[in-house]
Amino acid sequence: MMSSRTRAGSTVCARDIDFVTKSILCAPMRQGDRIVGVMQVLNKRSGEPFTDQDLRLLTTLAIQAAVAGGERAAGAQPEGET
């Protein structure tokens, strides 16, 4: 059985929940020249293929998430927090 481990240690298998991946879109999470993660989305709700516009949106979200993660890791507080 193919499975992956979650952080909590429980085993999850797509077959166990009847999940079928029909389409996938990924974007790198970058901090400068460094890739610190990957953001991934599966199966567009409409069932249509992902578009260039979807990729641009996911890329923008991945950049923002990487910036926010870098600020947290560096101990910086986001704007507006005291």
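The values are calculated or read from the model by the stated rules, or taken from the named source; none is laboratory data. On a predicted model such as this, the values are computed, not experimentally measured, just so you know. No Cβ is skipped: glycine too gets one built from the backbone with ideal geometry, and neighbour counts run over all protein chains shown.
Summed over region 38-55, the residues that are on the phi > 0 side of the Ramachandran plot and either among the hydrophobic types (A, V, I, L, M, F, W, C) or not in a loop (DSSP other than H, G, I, E, B) (or both) give a count of 0.
For the condition modelled with pLDDT under 90 and loosely packed, with under 10 Cβ neighbours inside 10 Å, what is the one hit in Gly9, Gly47? Outline the logic, then answer.
On the way: Gly47 fails: modelled with pLDDT under 90.
Just a single option satisfies the conditions, and that option is Gly9.
Taking the criterion of being more than 25 Å from Gly70 (Cβ to Cβ) and among the basic types (Lys, Arg), the residues of region 36-60 that qualify are Lys44, Arg45. Every condition in (1) at pLDDT below 90; (2) touching an Asp or Glu at 6+ places or on another chain (Cβ under 9 Å); (3) surrounded by 10 or more Cβ atoms within 10 Å (Cβ to Cβ); (4) aliphatic (A, V, I, L, M) is met by Ala76 except one, and the failing one is (2). You will find that of Leu58, Leu25, the residue that is touching a Phe, Trp or Tyr at 6+ places or on another chain (Cβ under 9 Å), modelled with pLDDT of 95 or more, surrounded by 13 or more Cβ atoms within 10 Å (Cβ to Cβ) and assigned to a strand (DSSP E or B) is Leu25 and no other. Taking the criterion of being touching a Ser or Thr at 6+ places or on another chain (Cβ under 8 Å) and among the polar types (S, T, N, Q), the residues of region 11-53 that qualify are Thr11, Asn43.
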